[in-house]
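Participant: Quick one: the structure is below, questions incoming.
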């Protein structure tokens, strides 16, 4: 070593530090690379991605060759630094300590921290590139890595730790939803669409159905003049038909098939029965995704929700299910459009029978969905009584004012500003459903 010039030793030391940095950046990039993205690129024919996946399939050997190379080089760097220090400053303790500090600092900055930060930040681009070097190194160092891994596997066996050669990460539905909402992979409408699609498994037909008391249905036993008026003023293309009692559903009638009867004045029970289609019933509690598949299999677009006793609960259409995924895409009927009304002061007047899911989606509120389905039901459950008009309360972070009640139900509610925001401290309750009545 004494015959080698100091300049040459310095150049060799720099090369060793750079090589150590390569192993550090390779280790971080390979471990942080998105395997799903690599698989996609490999399917497109990217050679580097294929090689990276092949290396990741044998993680123990890959890490073995990376750590073997990195530690050998770091040890060589430390030895070389000692030689340079001795030749420059002698064998004093202070000189050796200074050399140790210098090489430690150099390794940390240039061979460890900086390369690993770069590798983590650009893992998907770097992993395929470093694979071209790691592949041949792994083949060349196979005997050494195999020998070292014998002790590694023995130690893991003693610790009762199971390992898998192939890393196959799995995500729960909640983890996948968090990835969609908070990750950088999806934005805007795509993010909302995927989040709705993940949520649909936890939603049932009861959550989105038009409740029984809001159904637009016709009684086949009515007078022809009343039937004609009901059909002519309807804003729906399909209408449920019952006889005398709403629980006695006869079927559905398509308005376009009734138009000829309207023109000839033959809208009566006899002619209507001839064009009535059989009713399609849906058990209450059916998951939306399952019902969507049933609609597809049975080639249906509309169904009536019934409980375990066969009593009518509401109505669901295939459009209602699709809107839970993609958002509103149909023009609401005039009576439905009037469900919401925003005032100049920022408050929103809503129909108390509006579904909580719809309010949360349209107005940004955070009403709980694990209990009552409508705003009326939520308020009554919280208060334990039918409130009088003028009552104010805080509910799930939103403060409200009862504008109108009728009989056994609340009819109209005003959501005071900020709608969808956080209620003032005076109105906030400690729990999601706690209220403050005035």
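Read-outs throughout are calculated quantities, based only on the coordinates presented, and are distinct from any laboratory measurement. Everything quoted here is computed from the prediction, not taken from an experiment. Backbone-built Cβ (ideal geometry, glycine too); neighbour counts: all protein chains shown.
Participant: Per the helix-only calculation at 222 nm, which mean residue ellipticity applies to the chain, given -39500 (n - 2.57) for every DSSP H run of n ≥ 4 and division by its residues, nearest 500 deg cm²/dmol?
Facilitator: Result for the chain: -16000 deg cm²/dmol, rounded to the nearest 500.
Participant: Write down, largest first, the equivalent ellipsoid semi-axes of segment 5-163 in whole Å, where each equals the square root of 5 times an eigenvalue of the alpha-carbon gyration tensor.
Facilitator: Equivalent-ellipsoid dimensions as semi-axes: 34, 20, 13 Å.
Participant: Suppose each label sits 7 Å from its Cα in the direction of the beta carbon; what would the residue 18-residue 32 distance come out to in nanometres?
Facilitator: 2.3
Participant: Oh, and also: If one computes the Cα centroid of segment 239-254 and of segment 345-361, what distance in Å separates the two points?
Facilitator: Cα centroid to Cα centroid, the span is 30 Å.
Participant: Give me the distance in nm between label points sitting 7 Å out from Cα along the Cα-to-Cβ direction at residue 389 and residue 277, one decimal.
Facilitator: 4.2
Participant: Where does helix 59-89 land angle-wise versus the long Cα axis of the chain, in degrees 0 to 90, nearest 10?
Facilitator: Result, in degrees: 40.
Participant: Roughly what angle does helix 93-106 make with the longest principal axis of the chain, taking Cα atoms, 0 to 90 degrees, to the nearest 10?
Facilitator: Around 40 degrees separate the two axes.
Participant: Here's another thing I want to ask about it. Could you state the angle between the C-alpha long axis of helix 288-298 and the longest principal axis of the C-alpha atoms of the chain, as a value from 0 to 90 degrees rounded to the nearest 10?
Facilitator: It works out to around 60 degrees.
Participant: Got the relative contact order for the chain handy, in percent, Cα pairs under 8 Å and 6 or more residues apart?
Facilitator: Dividing the mean separation by the residue count of the chain yields 10 percent.
Participant: Additional query: Apply 1/(1 + (r/R0)^6) to the Cβ-Cβ distance of residue 142 and residue 47, taking R0 = 25 Å, and write down the FRET efficiency to the nearest 0.05.
Facilitator: The value I calculate is 0.70.
Participant: So for segment 205-326, what percent of the C-alpha to C-alpha distances run longer than 18 Å? Let's see the in-between values first.
Facilitator: On the way: 3771 of 7381 pairs.
Considering segment 205-326, 51 percent of its Cα-Cα pairs are separated by more than 18 Å.
Participant: Under 14 Å from the 7 Å Cα→Cβ point of residue 88, by amide nitrogen: which residues of segment 1-39?
Facilitator: Those under the cut-off are 6-14.
Participant: Could you list 223, 50 so that the one with the fewest beta carbons within 10 Å of its beta carbon is first and the one with the most is last? All intermediate terms of the calculation are to be shown ahead of the outcome.
Facilitator: On the way: 223 12, 50 17.
Result, fewest neighbours first: 223, 50.
Participant: Can I get the semi-axes of the chain's equivalent ellipsoid? Compute them from the C-alpha gyration tensor as square roots of 5 times the eigenvalues, in angstrom, largest first.
Facilitator: Semi-axes from the Cα gyration tensor: 71, 29, 18 Å.
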